[in-house]
Amino acid sequence: QVQLVESGGGLVQAGGSLRLSCAASGRAFSSYVMGWFRQAPGKEREFVSAINWSGSTYYLDSVKGRFTISRDNAKNSVYLQMNSLKPEDTGIYYCAGQGPGDCTVELGLYKYWGQGTQVTVSS
């Protein structure tokens, strides 16, 4: 069983930055694909970014060049650095763990989920 706890959300003006963190329990963390998803009010949860065990990354097109996902296996943690934030980035951001494999955007393939952290970008 893997437990995920997100932190780092908050209120920021458009153009600003936030860094989300996700702390994971579990000895197999280093082999897992880890992802970030977000859910805006009234919308479905969507994929944002993922990183696999070797550091290969994948991004939603609308965040490419602005967001950077990274991981520190020694700390069982994954991060999402978000720069040049836009109001449309507002939502609850969830950390998710898939298990060993390749990066995927498929929400249903992620087994483990955090409770989410709110990100609000004001215009």
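Give the accessible area for ASP89 in Å² (nearest 10); use a 1.4 Å probe, count only protein heavy atoms, and leave out ligands, DNA and RNA.
Taking all protein chains as shown, ASP89 has close to 0 Å².
Quick one: accessible area per residue over the chain, 1.4 Å probe, rounded to a whole number of Å²?
Working: 6250 Å² over 123 residues.
Ligands and nucleic acids excluded, the result is 51 Å² per residue.
Where does the longest stretch of the chain lie that holds no GluC sites (Glu not before Pro) found in a DSSP loop with 12 or fewer other Cβ atoms within 10 Å?
Numbers: sites that count: GLU44, GLU106.
Longest stretch, sites excluded: 45-105.
Which longest run of the chain has no exposed loop site in it, a site being trypsin sites (Lys or Arg not before Pro) in a DSSP loop with at most 14 other beta carbons within 10 Å, and the site itself not part of the run?
65-110
Cross-link candidates for LYS43: which lysines have Cα within less than 18 Å, leaving aside residues fewer than 8 places away along the same chain?
Counting by Cα, and skipping residues close in sequence, LYS43 has these lysines nearby: LYS86.
In terms of the Cα gyration tensor, with a ≥ b ≥ c the square roots of its eigenvalues, is the chain rounded because a/c is under 1.5, prolate because a/b exceeds b/c, or oblate? All intermediate terms of the calculation are to be shown ahead of the outcome.
Numbers: a/c = 1.68, a/b = 1.66, b/c = 1.01.
Verdict is prolate for the chain.
Can you work out the base-10 log of I(q)/I(0) for region 35-92 at q = 0.13, 0.19, 0.21 1/Å, using the Debye formula on its C-alpha atoms alone?
-0.34, -0.70, -0.83
Set the Förster distance to 22 Å, then compute FRET efficiency between SER84 and SER54 from the Cβ-Cβ distance, nearest 0.05.
0.20
Percent relative contact order of the chain, based on C-alpha pairs within less than 8 angstrom and at least six residues apart? Working shown, then result.
Values: 309 pairs, mean separation 45.0, N = 123.
In percent, rounded to a whole number, it is 37.
Between ALA74 and ARG19, what is the spin-label point distance in nm, taking each point 7 Å from the Cα along the Cα→C-beta axis?
Taking the two extended label points, one gets 1.6 nm.
List the lysines whose Cα lies under 28 Å from the Cα of LYS75, skipping any in the same chain that are fewer than 8 positions away.
List returned: LYS64, LYS111.
Can you pull the three principal axis extents for the Cα set of region 1-72, in Å, largest first?
38, 23, 22
The values are calculated or read from the model by the stated rules, or taken from the named source; none is laboratory data. Bear in mind the structure is a predicted one, so any value in this text is a computation, not a measurement. All Cβ positions, even for glycine, are placed from backbone atoms using ideal geometry, and neighbour counts span all protein chains on display. Surface accessibility is based on the protein's heavy atoms, side chains included, excluding ligands, DNA and RNA. Shrake-Rupley method; radii C 1.70, N 1.55, O 1.52, S 1.80 Å.
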